[in-house]
Amino acid sequence: MNYIVDSVDSALKLLSLVAEHPGLGVTELSNRLGINKSRTYRMLCTLEHNRFVLQDVRTTTYSLGPQAFVIGVAASQQNVLVQVGQKHMLALNQAINETVVLRVREALETVCVARCETTHQVRSVGSVGNRRPLSSGASGKLLLAFAQDTVRKEFFARMKHVSGATEPMAFADELASVARKGYAMSAGEVTSGAVAIAVPVRDVSGEVVAALSISGPEARISRVEIPDYLERLQACSRQISAELGYTGSSAANAPVVASANTVA
């Protein structure tokens, strides 16, 4: 039985769209959602009445309102992963002065749930709530490598229909390598000239629930620094995982290795 309330579902999708793409007007929002303009406008008025969105009277575009901020702060305070991760991420960030990011998988995307910025002027641009395709960057590849086989099969099934996508067999081999090594790296995949290193964070069940990463320009994260940064990142990940209840003793904690069967 389907208990989804269509009107609420549409309003939440609209709110999420405003959050991810601020500065859009009614017409563009309705087009992106596939909902008629009149219905979109009525939902925006309702959201504005409840302070979840605000309209810029000069441009007639929309952005998040103060109530959305209240919900966001409450979510971060109630999320155990974020609560535990923040303090250890901040310590690592202060030790190396590079951007430290925590990302989780949501369907076939990754979402940034926590971020500690570097003080350097040259840095990767990003924010909490940012979404990326699961194939994008070190964190995405790591989360995909350690995901359930059903997730990877769905990913590769869609990948076959994407024009210009990486060759599936080659990408499956890359994921298998990530799973064996226990970490992922990327160079220039998300931001030109930027390097990222990502390692898994596990919960009490041993499942990989997040990817913890360090990112910065190649000039600061060169081959010389990578071993030290990787060691620091792994130590930070162990601290977060331990507070989530992970002991490292479960036989189910072995990495899931992508294989040729995944893309068959």
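Of all residue pairs spaced 6 or more apart or on separate chains, those with beta-carbon atoms under 9 Å, a first member in segment 44-65 that is open to solvent by 80 Å² or more (accessible area, probe 1.4 Å) and a second member that is of a type in the set (Val, Ile, Thr) are Arg51/Val70. Across segment 194-251, the qualifying residues are those that are in a loop (DSSP other than H, G, I, E, B) and of a type in the set (Gly, Ala, Ser), and the one among them that is farthest from Arg105 (Cα to Cα) is Ala219. Entry remark, segment 24-48: residues being in a loop (DSSP other than H, G, I, E, B) and out of contact with any Leu (no Cβ under 9 Å at 6 or more places or on another chain) number 3 in total. Considering segment 228-254 alone, what residues qualify as being of a type in the set (Val, Ile, Thr) and modelled with pLDDT of 95 or more? Result: Ile240, single match. Among the conditions (1) outside any strand (DSSP E or B); (2) open to solvent by 60 Å² or more (accessible area, probe 1.4 Å); (3) at pLDDT 90 or above, the only one that Glu189 does not satisfy is (3). When Arg180, Arg220 are checked against the criterion of being under 12 Å from Ala145 (Cα atoms), in the same structural domain as Ser135 (by the TED database) and open to solvent by 50 Å² or more (accessible area, probe 1.4 Å), Arg180 stands alone in meeting it.
Quick one: in segment 77-88, which of the residues that are in contact (Cβ under 8 Å) with a residue 40 or more places away in the chain and in contact with a helix residue (DSSP H, G or I) (Cβ under 7 Å, 6 or more places away or on another chain) is least open to solvent (accessible area, probe 1.4 Å)?
Gly85
The residue of segment 145-168 that is modelled with the highest pLDDT, among those that are among the hydroxyl-bearing types (Ser, Thr, Tyr) and more than 22 Å from Ala210 (Cβ to Cβ), is Thr166. Residues that are among the hydroxyl-bearing types (Ser, Thr, Tyr) and either under 11 Å from the mean Cα position of the chain (by Cα) or surrounded by 18 or more Cβ atoms within 10 Å (Cβ to Cβ) (or both) within segment 112-155 comprise Thr118, Ser124, Ser127, Ser135, Ser136, Ser139, listed in sequence order.
Any residue that is in contact (Cβ under 8 Å) with a residue 24 or more places away in the chain, under 24 Å from Gln234 (Cβ atoms) and touching a helix residue (DSSP H, G or I) at 6+ places or on another chain (Cβ under 8 Å) - is there at least one of those in segment 155-162? Taking every residue of segment 155-162 in turn, none turns out to be in contact (Cβ under 8 Å) with a residue 24 or more places away in the chain, under 24 Å from Gln234 (Cβ atoms) and touching a helix residue (DSSP H, G or I) at 6+ places or on another chain (Cβ under 8 Å).
The values are calculated or read from the model by the stated rules, or taken from the named source; none is laboratory data. Bear in mind the structure is a predicted one, so any value in this text is a computation, not a measurement. In this analysis, Cβ positions are derived from the backbone assuming ideal geometry, glycine residues included, and neighbour counts consider all displayed protein chains. All accessible areas refer to the heavy atoms of the entire protein, side chains included, with ligands and DNA or RNA removed. Shrake-Rupley method; radii C 1.70, N 1.55, O 1.52, S 1.80 Å.
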